[in-house]
Amino acid sequence: MGPRAADGSAGDADYGRIGAGYRDHRLPEPEFARAILTALGPARTVVNVGAGAGSYEPADREVTPVEPSASMRAQRPAHLAPAVDATAEALPFPDDAFDAAMTSFSAHQWRDLEAGLAELRRVARGPVVVLTCDPELMERYWLAEYAPEVLAGGARRYPSVDRLAAGLGGTVDVTPLPIPLACTDGFGEAYYGRPEKFLDPAVRKAMSSWSFITEPAADRAVARLRADLADGTWDDRHGHLRTTPHYKGSLILLTATP
């Protein structure tokens with residue numbers, strides 16, 4: 001799989017460089033958390049792979065988090081279980097060790113997707129729940145008008161629904177997750193009605209997709225957006241989104257049962 005980054009990051013993003021603000025800007029969105037709980041069903045023991053700072057770990061279950069990045073492990077709140085330092089592709093657990101497995105905004109980071117999916121299926125007796133984005137829907141988001149490289153890069157990185165389903169096997173249900181206007185999990189589409197958020201470098205840094213474009217390209221994108229916000233162009237095109245309660249974007253919840 002190749003060497004891990006200095007802080008242990010095992011995917012294509014270096015969280016030792018970009019991950020410091022995730023606990024501030026990537027807070028779990030309650031609506032998504034409820035959907036994950038429903039998908040987990042009665043599972044009592046859950047492995048959370050690519051656990052990061054602990055978003056979406058259900059408080060009423062016995063959760064075993066797995067996170068290769070030291071930077072992300074250090075941001076986990078004290079009330080959560082410490083994360084195991086391991087990668088999705090090589091989980092240090094026996095077969096059928098857990099009632100269920102979950103991963104959120106992580107599968108697109110894995111270096112060997114099929115190996116990681118096979119490992120989730122191997123260690124989980126029941127459902128495997130994947131919070132992710134459908135790459136076929138990503139580039140219709142208005143941000144493509146300002147930062148097309150960010151959206152195109154995301155569409156290349158996120159695995160297709162068919163590939164995820166094939167890797168997990170069994171029966172796979174795919175549920176679109178509408179995004180609330182005040183979404184607390186600051187991935188790109190979370191700010192569909194709050195475009196000013198993209199002017200904040202710390203907000204952008206908490207989205208791994210921005211780390212894959214050059215600084216000049218990011219500066220140009222932000223400058224165009226700032227200008228369009230200042231003269232009303234953005235609101236002329238998209239102002240209705242400021243009061244749209246939910247946005248149907250690319251976010252999906254995939255649940256695979258054996």
The range 15-257 - convex hull of alpha carbons, volume per residue in Å³: 109 Å³
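Just need the relative contact order of the chain here, percent rounded to a whole number, with Cα pairs under 8 Å and 6+ apart.
Numbers: 485 pairs, mean separation 56.0, N = 258.
Once divided by the residue count of the chain, the mean separation gives 22 percent.
Let me know the Kirkwood hydrodynamic radius for the range 63-196, please, with Cα pairs as the basis and the value in Å to one decimal. Mind showing how you got there, number by number?
Values: mean 1/r = 0.0606 Å⁻¹.
This gives a value of 16.5 Å.
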Residue order, fewest to most beta carbons within 10 Å, for L181, L225: L181, L225
Relative contact order (%) - criterion: Cα under 8 Å, at least six apart; region: the range 175-258: 51 percent
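Among F212, F198, which comes first, then next, by fewest other beta-carbon atoms within 10 Å?
Details: F212 16, F198 23.
Ordered by Cβ neighbours within 10 Å, fewest first: F212, F198.
Order of T171, T233, T243, T64 from fewest to most other C-beta atoms within 10 Å?
Final ranking by Cβ density, sparse to dense: T243, T171, T233, T64.
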Note, ³J(HN,Hα) from phi for the range 92-102, Karplus 6.51, -1.76, 1.60, rounded to Hz, x at Gly and Pro: x, 9, x, 4, 6, 6, 10, 5, 7, 10, 9
Estimated 222 nm signal from helices in the chain, with DSSP H stretches of n ≥ 4 weighted -39500 (n - 2.57), rounded to 500: -8500 deg cm²/dmol
Cα long-axis angle, helix 30-40 against the chain (0 to 90 degrees, to the nearest 10): 30 degrees
Angle between the chain longest axis and helix 215-231 axis [Cα atoms, degrees, rounded to 10]: 50 degrees
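FYI, it's all coordinate maths here, none of it is from the lab. Only a predicted model underlies this, so the values are computations on that prediction, with no experimental measurement involved. Cβ sites come from the backbone with ideal geometry, for glycine too, and all protein chains shown count toward neighbours.
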